[in-house]
Amino acid sequence: MTAPFILVNYKTYLESTGQRGHRIATAARDVAAESGVTIGVAPAYMDIHPISRHFEIPVYAQHVDWVLPGASTGHVTAEALHQAGAIGSLVNHSERRLTLADIEASIRALREKKMVAVVCTNNEPVSAAAAALNPDYIAIEPPELIGSGVSVSKANPDIISRSVEVVRRVYPAAKILAGAGIQSGECVKIARDLGCDGVLLASSVIKAKNPALVLRDLVSPF
Ligand code: G3P
C-alpha cells in the first residue's frame with residue numbers, strides 16, 4: 001500500500017503558535033525523513049514564512065481570501081501566501097466556512113498561483129459539490145468528531161466511503177483526505193483502505209507531549 005499524505009492543521013492552538021509550532025514542524029520533518037511519508041503542516045499565517053524557510057516540508061495556509069492583490073484591506077491573498085512559502089491552502093474548513101461561490105473563487109485564486117487547494121467538506125452532498133469545482137484535494141471531516149478524540153475512521157467509516165464514492169464519480173482526479181479524531185496508524189490505515197489518499201488532523205499531534213511519537217505511530221503501517 002502506497003504511503004499516505006498526512007497534513008497537520010495547527011489551527012490556533014497555543015501549542016502550535018509561534019516558536020512552539022517549530023517543535024511540531026521539526027517532528028514532521030524528522031518522521032517524514034525516517035519514513036518517506038509526506039507530512040505537511042498548516043500553521044497560522046504569521047508562521048508560514050519562518051516555517052517554510054526553516055523546514056523542507058510542505059507548508060499550507062489554513063484559509064485564503066480569493067481577492068486579487070490591490071485595494072483589499074485585511075485580506076490574505078494567494079499571492080501573499082505564495083511569497084510567504086505556502087504551497088497551498090485549506091479552503092472551507094468547518095471552522096472557517098465559505099459559500100460555494102467563495103470556495104470556487106478560492107480554488108481559482110490558488111490555481112492561478114499554481115497552489116494546491118484542499119477543500120474541506122462535512123458530508124457527501126458537500127463533497128459532491130466541492131468535487132464539481134475540481135480541487136486538488138477534498139478533505140471529508142464530520143464536524144461533530146473534530147477535536148473529539150473519536151476517530152472518523154472508526155466512528156463513521158461510512159461517511160468516508162460514501163464521500164470517496166461520490167468524489168470518484170464526480171471528479172476522479174481529486175485526492176481525498178479523511179479528518180476528525182485521527183490519532184493512530186490504525187485510523188490512517190482504515191482511511192487508506194476506504195480509498196483515501198491520506199488524512200488531515202490536528203489535536204492528536206498538536207496537543208501531544210511528544211508529537212514525533214504520535215507521527216511515528218500514524219505512519220507505522222506504511
Ligand atoms: O483540520 C483537521 C481538524 O479539523 C481535525 O481536528 O483535532 O479532530 O484532528 P482533530
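Any read-out appearing in this document is the output of simple, stated calculations on the displayed coordinates, not a laboratory observation. Predicted, not measured: the structure shown is a model, and the values here were computed from it. When we count neighbours, we look across all protein chains shown, and the Cβ atoms used for this are built from the backbone with ideal geometry, even at glycine.
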Kindly list the number of the only condition in (1) surrounded by fewer than 23 Cβ atoms within 10 Å (Cβ to Cβ); (2) closer than 18 Å to Thr38 by Cβ; (3) not basic (Lys, Arg) that fails for Ala191. (1)
Out of the residues in the range 179-188 that are part of a helix (DSSP H, G or I) and buried (at least 20 other Cβ atoms within 10 Å of the Cβ), which is nearest to the ligand (Cβ to nearest atom)? Cys187
Take the residues of the range 155-178 that are among the aliphatic types (A, V, I, L, M) and assigned to a loop (DSSP other than H, G, I, E, B): which is surrounded by the most Cβ atoms within 10 Å (Cβ to Cβ)? Ala174
Please specify each residue of the range 89-106 satisfying the condition of being in a helix (DSSP H, G or I), out of contact with any helix residue (DSSP H, G or I) (no Cβ under 9 Å at 6 or more places or on another chain) and of a type outside the set (Gly, Ala, Ser). Asp102, Glu104
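Conditions tested, residue by residue: (1) away from the ligand (no atom under 15 Å from the Cβ); (2) not acidic (Asp, Glu).
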{"residue": "Asn134", "(1), (2)": "yes, yes"}
{"residue": "Glu141", "(1), (2)": "no, no"}
{"residue": "Val170", "(1), (2)": "yes, yes"}
{"residue": "Val205", "(1), (2)": "no, yes"}
Given (1) within 25 Å of Asp217 (Cα to Cα); (2) surrounded by fewer than 18 Cβ atoms within 10 Å (Cβ to Cβ), number of the condition Gly74 does not satisfy: (1)
Find the residue count for the range 41-88, including only residues that are in a strand (DSSP E or B) and touching a Phe, Trp or Tyr at 6+ places or on another chain (Cβ under 6 Å). 2
